[in-house]
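In what follows, a structure is listed as structure tokens, so that the remarks can point back to it.
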2 protein chains.
Amino acid sequence: MRSSVPAEFPADTSLRSQVYDSLRDALTAGRFVPGQKLTLRFLAKALGVSLMPVREALRRLVAEGAFEMRPNRSVRVPLMTQAKILELRDIRMAVEGLAVGKAAALATREQIAGLRRIALEIVAARELGDSVTDRKKIREYHFALYAIADQPTLLRVIEGLWLQTGPYMNLLYPGFVSSPRGPEGRARLIRALQAHDAATARREIERDIGDALTYVADLADSAGNIAPASPIAAKRKRQPSKALPARPRGAALFQRAERL
Amino acid sequence: MRSSVPAEFPADTSLRSQVYDSLRDALTAGRFVPGQKLTLRFLAKALGVSLMPVREALRRLVAEGAFEMRPNRSVRVPLMTQAKILELRDIRMAVEGLAVGKAAALATREQIAGLRRIALEIVAARELGDSVTDRKKIREYHFALYAIADQPTLLRVIEGLWLQTGPYMNLLYPGFVSSPRGPEGRARLIRALQAHDAATARREIERDIGDALTYVADLADSAGNIAPASPIAAKRKRQPSKALPARPRGAALFQRAERL
DNA sequence: AATGCATTTTTGTGATCACAAATTGACGGT
DNA sequence: ACCGTCAATTTGTGATCACAAAAATGCATT
């Protein structure tokens with residue numbers, strides 16, 4: 001009886017994973033300030049749970065590189081540096097390119113049709129200016145694509161990279177999405193999948209990732225980059241705040257996560 | 001003043017990280033049986049600590065893919081399947097190839113000299129038949145190489161992949177190391193670094209990883225592969241154990257981690 | 001005013017406990 | 001023998017507490 005698709009997973013109901021989801025969503029939505037220190041008790045109170053679930057969720061996110069643990073044993077939101085974005089760009093191009101190459105060899109007609117449907121939903125959301133569904137569908141498209149490769153370990157690695165890339169992806173809006181290259185690239189990629197042309201498909205996804213993250217990297221200096229390179233520099237008295245171009249306050253960065 | 005090497009790190013003294021190290025070492029040394037279920041209380045008693053440090057260490061290892069958590073919320077040692085090894089092979093070729101390509105552009109004379117020294121120590125250990133220092137030096141060589149690329153995020157990803165590959169690497173001994181291609185490959189790679197020839201360096205590391213893990217994958221069927229694809233198959237009565245070539249017992253797999 | 005020092009508060013860590021879900025084992029019926 | 005069923009046990013989860021290290025605060029001295 002049991003179909004290859006397990007119908008429905010039991011879904012983890014533990015408090016720990018709920019807290020994990022909350023923190024992950026808050027992070028990728030950019031609701032934390034880069035460099036912000038996160039204390040267990042603050043998060044526990046904000047989420048209305050005890051320390052334990054927060055401890056475990058936070059530790060997992062640290063292990064996945066979403067947050068970082070200082071030698072002081074305190075956890076903070078990673079700083080946003082141009083170098084890190086470029087690093088993630090190159091890793092993602094390599095790894096997701098690998099996945100797409102394998103997907104090109106295996107893609108079935110149905111899977112390709114599914115991708116095309118999602119691609120249409122993306123342009124629909126974009127025409128409405130609905131950036132939140134836009135992002136959601138972009139993610140859905142990419143992971144549907146990588147799932148075709150049928151490589152669970154590879155997929156895990158990619159998920160980890162997306163988690164680390166997540167906080168930066170807000171910077172794509174609204175400037176980058178106006179570039180009309182996205183839909184064309186997806187169309188070319190889907191055609192390459194149909195033709196089982198692994199090289200072309202791979203080139204397309206690499207260009208996709210490369211363009212987006214290069215754009216984000218160029219913005220990184222002017223945006224949230226508080227980033228002093230050394231902890232020593234951080235001890236310097238606050239500059240008169242005139243040196244930095246007055247951080248874009250509207251850009252949804254706030255000092256204390258008020259409601260997560 | 002401050003040199004690029006931070007002299008000495010505070011070093012984490014928490015029980016949690018000690019437990020983490022113990023479990024990681026036991027895993028990569030192959031002291032766990034693939035599929036073995038790990039309970040918190042058993043590990044806590046074996047290591048002489050309470051549940052808490054084991055909980056956190058185990059959770060971290062699960063997040064890193066070293067162990068896997070079943071929907072039942074129990075943790076077990078991942079099964080060893082040929083497909084997974086081939087997956088890890090391809091990912092590692094892509095990612096470590098990327099790192100070496102970057103390293104080739106940056107390698108200094110001193111760094112290259114350091115690599116050559118380690119390469120010599122490898123052949124020395126290998127001549128003595130000392131497989132434990134062999135493995136240690138191989139790891140040291142690879143990570144010294146990747147460190148040249150100076151990409152911390154990339155290095156983290158690679159460490160995660162090595163952690164997942166670790167348990168399989170015992171299978172390289174003693175058969176694979178007798179192949180004399182290793183030293184030659186390292187010599188060619190080092191020459192390519194000197195010439196800043198990124199393409200050649202990359203090709204060499206890919207061949208290194210590819211050869212080793214292809215060899216391991218070929219062994220996977222006959223070795224510890226208990227691996228039924230579906231949990232249903234696992235319920236089948238034990239085969240008369242004649243089908244499998246009597247798992248190499250000397251190879252340090254035992255049912256219960258007696259002392260870790 | 002700025003700096004050094006002692007005190008207070010905050011924060012992460014590890015231990016212990018209570019509880020519910022899952023696993024195991026025994027038992028009885030078919 | 002084969003399987004459901006129920007009880008006993010094991011096991012993960014979350015809460016709470018104690019403690020030590022770290023951070024913040026206050027205060028006195030220069």
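Which of the residues spanning the stretch A:64-77 are closer than 17 Å to B:GLU159 by Cβ and touching a Gly at 6+ places or on another chain (Cβ under 9 Å)?
A:GLU64, A:GLY65, A:ALA66 - these are the residues of the stretch A:64-77 that are closer than 17 Å to B:GLU159 by Cβ and touching a Gly at 6+ places or on another chain (Cβ under 9 Å).
Would you be able to say whether some residue in the stretch B:58-65 is within 12 Å of DNA strand D (Cβ to nearest atom), of a type in the set (Lys, Arg) and surrounded by fewer than 19 Cβ atoms within 10 Å (Cβ to Cβ)?
No; the residues of the stretch B:58-65 include none that is within 12 Å of DNA strand D (Cβ to nearest atom), of a type in the set (Lys, Arg) and surrounded by fewer than 19 Cβ atoms within 10 Å (Cβ to Cβ).
Looking at (1) within 13 Å of DNA strand D (Cβ to nearest atom); (2) more than 24 Å from B:MET52 (Cα to Cα); (3) not small (Gly, Ala, Ser), which is the only condition A:ARG41 fails?
(2)
Any idea which of (1) touching a strand residue (DSSP E or B) at 6+ places or on another chain (Cβ under 9 Å); (2) in a loop (DSSP other than H, G, I, E, B) is the one B:LEU23 doesn't satisfy?
Only one criterion in (1) touching a strand residue (DSSP E or B) at 6+ places or on another chain (Cβ under 9 Å); (2) in a loop (DSSP other than H, G, I, E, B) is unmet by B:LEU23, namely (2).
Any residue that is more than 16 Å from DNA strand D (Cβ to nearest atom), in contact with a helix residue (DSSP H, G or I) (Cβ under 7 Å, 6 or more places away or on another chain) and in the same structural domain as B:ARG186 (by TED's automatic domain parsing) - is there at least one of those in the stretch B:124-132?
Within the stretch B:124-132, one or more residues are more than 16 Å from DNA strand D (Cβ to nearest atom), in contact with a helix residue (DSSP H, G or I) (Cβ under 7 Å, 6 or more places away or on another chain) and in the same structural domain as B:ARG186 (by TED's automatic domain parsing).
Does any residue of the stretch B:36-51 turn out to be surrounded by 18 or more Cβ atoms within 10 Å (Cβ to Cβ), of a type in the set (D, E, K, R) and either over 22 Å from A:PRO71 (Cα atoms) or within 13 Å of DNA strand C (Cβ to nearest atom) (or both)?
No: the stretch B:36-51 contains no residue that is surrounded by 18 or more Cβ atoms within 10 Å (Cβ to Cβ), of a type in the set (D, E, K, R) and either over 22 Å from A:PRO71 (Cα atoms) or within 13 Å of DNA strand C (Cβ to nearest atom) (or both).
Taking the stretch B:139-155 as the region of interest, how many residues are crowded, with 17+ Cβ neighbours inside 10 Å, within 14 Å of chain A (Cβ to nearest Cβ) and not hydrophobic (A, V, I, L, M, F, W, C)?
Counting residues in the stretch B:139-155 that are crowded, with 17+ Cβ neighbours inside 10 Å, within 14 Å of chain A (Cβ to nearest Cβ) and not hydrophobic (A, V, I, L, M, F, W, C) gives 3.
Any idea how many residues of the stretch B:55-69 are within 16 Å of DNA strand C (Cβ to nearest atom) and of a type in the set (Asp, Glu)?
Summing the residues that are within 16 Å of DNA strand C (Cβ to nearest atom) and of a type in the set (Asp, Glu) in the stretch B:55-69 gives 2.
Being β-branched (Val, Ile, Thr) and more than 24 Å from B:ALA83 (Cβ to Cβ) narrows it down to one residue among B:THR153, B:THR165; which is it?
Just one listed residue meets the conditions, B:THR153.
Is it true that some residue in the stretch B:109-127 is within 13 Å of chain A (Cβ to nearest Cβ), on the phi < 0 side of the Ramachandran plot and modelled with pLDDT of 95 or more?
Scanning the stretch B:109-127 turns up no residue that is within 13 Å of chain A (Cβ to nearest Cβ), on the phi < 0 side of the Ramachandran plot and modelled with pLDDT of 95 or more.
Within the set of pairs 6 or more residues apart or between chains, which connect a residue that is on the phi > 0 side of the Ramachandran plot inside the stretch A:22-50 to a residue that is within 13 Å of DNA strand D (Cβ to nearest atom) with Cβ atoms less than 9 Å apart?
So the pair list comes out as A:GLY35/A:ARG76; A:GLY35/A:ALA234.
Go through (1) within 25 Å of A:GLN151 (Cα to Cα); (2) of a type outside the set (Val, Ile, Thr); (3) more than 13 Å from chain B (Cβ to nearest Cβ) one by one and return the number of the condition A:ALA99 breaks.
(3)
Just one of the numbered conditions (1) surrounded by fewer than 22 Cβ atoms within 10 Å (Cβ to Cβ); (2) outside the structural domain of A:LEU155 (by TED's automatic domain parsing); (3) closer than 18 Å to A:LEU171 by Cβ is not true of A:PHE32; which one?
With respect to (1) surrounded by fewer than 22 Cβ atoms within 10 Å (Cβ to Cβ); (2) outside the structural domain of A:LEU155 (by TED's automatic domain parsing); (3) closer than 18 Å to A:LEU171 by Cβ, A:PHE32 is out only on (1).
The values are calculated or read from the model by the stated rules, or taken from the named source; none is laboratory data. It should be emphasised that the depicted structure is a prediction, and the values quoted were computed from it without experimental measurement. Glycine also receives a Cβ, built like all others from the backbone with ideal geometry; neighbour counts cover every protein chain displayed.
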